[in-house]
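Have a look at the structure below, then the notes.
The values are calculated or read from the model by the stated rules, or taken from the named source; none is laboratory data. Since we're looking at a predicted model, the values are computed, not measured. Cβ: placed from backbone, ideal geometry, glycine included. Neighbour counts: every protein chain shown. Ligands, DNA and RNA are stripped out before the accessible areas are found, and what is left, the full protein with its side chains, is counted by its heavy atoms. Shrake-Rupley method; radii C 1.70, N 1.55, O 1.52, S 1.80 Å.
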Amino acid sequence: MKCKVIGKENTENYLFLSVETSEIINVLPGQFFMVKTEDYDFPKPFSVIFQKGKVIEFLIAVVGDLTGRLKKLKIGDFIDIRGPYGKSFIETIDKNKKYILIGGDCGSAPLMHFKNEYPELVENEYYGFRTNEIKSILDTDKLHIDEEEGISVIERIKRENPSKNTGFLVCGSLNMIKAVKNEFKGYKVYASLEARMGCGVGMCKGCPIKTKDGIKMICKDGPVFDLSEVDLEW
Ligand SMILES: Cc1cc2nc3c(=O)[nH]c(=O)nc-3n(C[C@H](O)[C@H](O)[C@H](O)COP(=O)(O)OP(=O)(O)OC[C@H]3O[C@@H](n4cnc5c(N)ncnc54)[C@H](O)[C@@H]3O)c2cc1C
Ligand code: FES
């Protein structure tokens, strides 16, 4: 579906992009779209940070070819999106718990979307970024800037000694996800996993993950998984 760019704020390394769809697409937090510019043939997955009516917003780290092209878009330009795809947080988690949300860099996007949709399920939120560059485009008092705090998000949460009844929802680098799993043993942890994706719909078999029920595809069976059911070392 073609979408019109209606808002754009960026720094050198980050982009906050607002697009308008031609019809309302309801997106559950944790689901993603395959996104591309009109001059680029390889769509790549991006979660949604906010969605209201026909407006969908993305928080994007500018790391390569596609994201560099997205950063250069102007208001009124068009992008192509396919989706939403994947299993969301709310379809996967135990809804009788409250959760601490831990986002790493732009992995914060689906968790901010979750907080917006299900505030009653959120105990606390931490959106970790290395530097304060993000502050000029992301307006929340839940940012954890490593270079300002002097400790990592995980170290900070450990010191706050969360109740064992609380669970964690995590999205970020694989290293961060592994660290949460290792540091908070005995807690329920759900994570949105990343993979390089070709099709985004389970066809190309390019994003496998080993689970207790066999090999699954991150794009179709996830990206949100209960970490007690997946082998992150596979
Ligand atoms: C379900 C899902 C949701 C995502 N949501 C977001 C989001 O909301 N915001 C956001 O900024 N990014 C998100 N990503 C990551 C995004 O898809 C990649 O950063 C994208 O491929 C960048 O495209 P590019 O052409 O600019 O850079 P590329 O040339 O594709 O990659 C640039 C660099 O990043 C590395 N890289 C790319 N993808 C991955 C990966 N999956 N794992 C490890 N390293 C990788 C490459 O090795 C390369 O060094 C998401 C990924 C998934 C799977
Ligand atoms: S990206 Fe094709 S199967 Fe997951």
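Some observations on this one:
- Identification of strands (runs of 3 or more DSSP E) wholly contained in segment 143-218 with 3 or more residues that are more than 12 Å from residue 126 (Cβ to Cβ) yields 189-192, 208-211, 214-217.
- Candidate set: segment 205-231, residues that are in contact with a Lys or Arg (Cβ under 6 Å, 6 or more places away or on another chain) and farther than 21 Å from residue 32 by Cα; chosen: the one surrounded by the most Cβ atoms within 10 Å (Cβ to Cβ): 229
- Residue 107 meets the conditions (1) surrounded by fewer than 21 Cβ atoms within 10 Å (Cβ to Cβ); (2) under 15 Å from the mean Cα position of the chain (by Cα) in every case but one. The failed one is (1).
- Put simply, of 12, 20, 57 the only residue that is farther than 25 Å from residue 135 by Cβ and either in contact (Cβ under 8 Å) with a residue 40 or more places away in the chain or not assigned by TED's automatic domain parsing to the domain that holds residue 195 (or both) is 20.
- Taking residues in segment 129-157 that are among the β-branched types (Val, Ile, Thr), and partners anywhere that are open to solvent by 50 Å² or more (accessible area, probe 1.4 Å), the pairs with Cβ atoms closer than 7 Å and at least 6 places apart or on different chains are 131/147; 137/9; 137/10; 145/131; 145/132; 154/183.
- Residue list for segment 65-84, filter: buried (at least 19 other Cβ atoms within 10 Å of the Cβ) and not in a helix (DSSP H, G or I): 79, 81, 83, 84
- Among (1) more than 15 Å from ligand 2 (Cβ to nearest atom); (2) under 19 Å from the mean Cα position of the chain (by Cα) - the single one residue 193 does not satisfy: (1)
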